[in-house]
Amino acid sequence: MGWSELRAVPNDYDEEIHAVDTQLIELLNHRKALAKGRRCFPPKEVMKEFEEKFGLKPPYLNWLFHSINGGFHRPRSEGPGELQGILQIMKTTVQEGYQYRITHAMQHEHGSIVHIEIKQLEDVDDFTDFRPLLQLDVTSQDREYSVGRNGSRGGGGISSMSFIVEPRLPEQLNQIHFALIPFEEPMDFSRKEIFLDQEVHFE
C-alpha cells in the first residue's frame, strides 16, 4: 500500500500551526547544520534556566533534547540478536530514600539489554507505588551509544527497568559511565487496561 492510499486522520491542523511547524523545521535544520553530527546537550545550568523561563520540567526537557539530538532516529538493527552471555555490572547508589542498582546486562549479538532495579528503602514512612520518569544514559570517550526503553514493571516499593543499548557494551566497563536522567515522553498516551477477573480452571 502506497502513501497515497493511507486514510487521513481527522485533526485540527490550521494555517497558524502550519506556520509554527515551518519555523520549527527551519530551526531544527539550522541546529543540525551547526551541530555537524555532534551530540549537543545543554549543561545543567542552561537546563535550569530553560526550566525556570519556560516552566518545563526536567523529564520533558531531557526528552526534547534527546529527540533533537537524534535519539529516536538513529539507525537500529532488526533487534539485539542472539543472546551470547551475561555481563555482571552491580553498580549501586542511594539517593533520597531510594536505592538504584544496575544489576547486569544481557549481552546479545548486536546490543545489550541493561537491567536496573529501584527500591524504596525501609526508612521511608509508607511504601507507595512509584513511577520512575528516568532514562538510562550511557557515555564513553571511545564511542556513542544509543539507548531505548525496553520495559518496566513494579509495585510494593520496588521497580525494575530495562534498556536496549546499541552497540553492545564491552566486557570491560572501565571507560563506560552510567547515569539515570529525568525523562518523560509528552506524547506517551496511557493504554487501555483490561482486567482479568474471572475464575480460571485447569482440567
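The values are calculated or read from the model by the stated rules, or taken from the named source; none is laboratory data. It should be emphasised that the depicted structure is a prediction, and the values quoted were computed from it without experimental measurement. Using ideal geometry, Cβ is built from the backbone for each residue, glycine included, and neighbour counts are taken over all protein chains shown. Just so you know, the surface numbers come from the protein's heavy atoms only, side chains and all, with ligands and any DNA or RNA stripped out. Shrake-Rupley method; radii C 1.70, N 1.55, O 1.52, S 1.80 Å.
Observations
- A convex hull fitted to the Cα coordinates of the range 80-187 yields 118 cubic angstrom per residue.
- Within straight-line cross-link reach of residue 57, lysines at Cα separation under 18 Å, skipping those fewer than 8 residues along the same chain: 44, 48
- Looking at the range 97-185, the accessible area is 54 square angstrom per residue; that uses a 1.4 Å probe and ignores ligands, DNA and RNA.
- Förster-model FRET efficiency, 22 Å R0, residue 122 and residue 92, C-beta, rounded to 0.05: 0.90
- On the beta carbon distance between residue 110 and residue 158, with R0 = 35 Å, the FRET formula returns roughly 0.70.
- The range 13-65 - accessible surface per residue (Å², probe 1.4 Å): 83 Å²
- Solvent exposure ordering (accessible area, 1.4 Å, most first) of 13, 60, 100, 145: 13, 60, 100, 145
- Using R0 = 30 Å, the C-beta based FRET efficiency linking residue 20 and residue 45 works out to 0.60.
- Multiplying the residue separation of residue 32 and residue 83 by 0.36 nm and removing their Cα-Cα distance gives an extension gain of 14.8 nm.
- Computed from backbone phi with θ = phi - 60° and the Karplus coefficients 6.51, -1.76 and 1.60, the 3J(HN,Hα) list for the range 156-161 is x, x, 9, 9, 10, 9 Hz; x is used for glycine and proline.
- Measure of compaction for the range 97-158 (Cα Rg per 2.2 N^0.38 Å): 1.35
- Each label point was placed 7 Å from the Cα along the Cα-to-Cβ direction; for residue 181 and residue 67 their separation is 1.5 nm.
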